[in-house]
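Engineer: The structure is given below, and queries will be raised subsequently.
The values are calculated or read from the model by the stated rules, or taken from the named source; none is laboratory data. If you're wondering where the values come from, they're calculated on a predicted model, not measured in any experiment. Ideal geometry is used to build each Cβ from the backbone, glycine not excepted, and the neighbour counts take in all protein chains shown. For the accessible areas, the whole protein counts, side chains as well, though only heavy atoms, and no ligand, DNA or RNA atoms are used. Shrake-Rupley method; radii C 1.70, N 1.55, O 1.52, S 1.80 Å.
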Amino acid sequence: MNAEQHDIGVSQVAAAIAEPARTKILCSLMDGHARTSTELAAIAEVSASTASAHLAKLKEQALVRLHVQGRHRYYSLADKRVAQALEALMVIGQNSAPAYNSRTPDRLQFARTCYDHMAGTLAVLLHDRMLEKGWLLETDEQAYRLSDSGEALFEGLGIEVKDLSTLRRRFACPCLDWSMRRPHLGGSLGAALLQSAIKRKWVTQDLDSRALTLTAAGRKAFGVQFDVVLPSSNGSAMLIDKKHQDISVSH
């Protein structure tokens, strides 16, 4: 692809995302779930015919993928790169409108999915803690590797680290969080951590949104595993360094 074709491609994708109804459709699919055009029409607050036209445009730009199962037709994001691009645009959108007062529910900012991994205040705190403890080690390629103690941590959670490293995707990388404007953990390791948390019922996943709910068991487990102390409600999070007794609070 030459420079001119690249510029045209970027402008076409940007135009497809820019329409408010299409933006709502794409953001609703960032939880990794597939939805019907009827469901997406309700989310975007448009008619069924208008939603179909929007979905055709998004499919044309390779932003969504159609899944046909019998008589049912479902739509999902085309791949993880689309979710990452949307998350980055949310950060830029907030930076370009500093006076904007977000109406995003507190619980969605506290913990949510970013396609197949965890995002929000909780995820950022876990990411920071893993760096502070030396479990995650930065490399020169905007990526992470695990230290021996970090590998032991994840294997203790039932995560086969060596298997993850063989997958055809990045193992572990920073993913900029739109609500915190700081990184959370992405890549196959971030996805495995979310699945482990769901399997152990540390968090529960909403059926109709990206929100994650922290359970009492999860609050206790994160404290034991990561030294992260969390309140009973999803309104704020507190991180305590047990060695120095430094306390920071995020809202």
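Engineer: Looking at Lys24, Lys59, Lys80, can you tell me which residue is out of contact with any Lys or Arg (no Cβ under 7 Å at 6 or more places or on another chain), within 13 Å of Cys114 (Cβ to Cβ) and open to solvent by 70 Å² or more (accessible area, probe 1.4 Å)?
Structural biologist: Lys80
Results for (1) more than 14 Å from Ala119 (Cβ to Cβ); (2) open to solvent by less than 50 Å² (accessible area, probe 1.4 Å), shown as yes or no for each residue.
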| residue | (1), (2) |
| --- | --- |
| Gly156 | yes, no |
| Lys162 | yes, no |
| Leu176 | no, no |
| Arg182 | no, no |
| Leu185 | no, yes |
| Ser188 | yes, yes |
| Ala197 | no, yes |
| Arg200 | yes, no |
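Engineer: Moving to a separate point now. Would you confirm, using the coordinates I've provided, whether Gly190 is at pLDDT 90 or above and within 19 Å of Leu77 (Cβ to Cβ)?
Structural biologist: Answer is yes for this residue.
Engineer: So which residues in region 118-150 are part of a loop (DSSP other than H, G, I, E, B) and surrounded by fewer than 21 Cβ atoms within 10 Å (Cβ to Cβ), if there are any at all?
Structural biologist: Lys133, Gly134, Trp135, Thr139, Asp140, Glu141, Gln142, Ala143, Ser147
Engineer: Sort out which residues of region 207-224 are charged (D, E, K, R) and touching a residue at least 12 places away in the same chain (Cβ under 8 Å), and write them in order of number.
Structural biologist: Within region 207-224, Arg210, Arg219 qualify.
Engineer: I'm trying to understand the selection: among the residues of region 126-155, which are under 22 Å from Lys201 (Cβ atoms), in contact with a helix residue (DSSP H, G or I) (Cβ under 8 Å, 6 or more places away or on another chain) and in contact (Cβ under 8 Å) with a residue 24 or more places away in the chain?
Structural biologist: Answer for region 126-155, where residues must be under 22 Å from Lys201 (Cβ atoms), in contact with a helix residue (DSSP H, G or I) (Cβ under 8 Å, 6 or more places away or on another chain) and in contact (Cβ under 8 Å) with a residue 24 or more places away in the chain: Leu126, Arg129, Met130, Leu153, Phe154.
Engineer: Among the helices (runs of 4 or more DSSP H) confined wholly to region 1-116, which include 3 or more residues that are at pLDDT 80 or above, within 23 Å of the chain's Cα centre (by Cα) and closer than 25 Å to Pro174 by Cβ?
Structural biologist: Of the helices (runs of 4 or more DSSP H) lying wholly inside region 1-116, those with at least 3 residues that are at pLDDT 80 or above, within 23 Å of the chain's Cα centre (by Cα) and closer than 25 Å to Pro174 by Cβ span 3-18, 20-28, 80-96.
Engineer: Taking interchain pairs and intrachain pairs at least six residues apart, which have beta carbon atoms under 8 angstrom, with the first residue in region 157-186 and of a type in the set (Phe, Trp, Tyr) and the second assigned to a loop (DSSP other than H, G, I, E, B) and at pLDDT 90 or above?
Structural biologist: Phe171/Ala143
Engineer: Within the group Leu230, Leu207, Leu239, Leu212, which residue is of a type in the set (A, V, I, L, M, F, W, C), in contact with a Gly (Cβ under 9 Å, 6 or more places away or on another chain) and either within 30 Å of Thr36 (Cα to Cα) or at pLDDT below 50 (or both)?
Structural biologist: Just a single option satisfies the conditions, and that option is Leu212.
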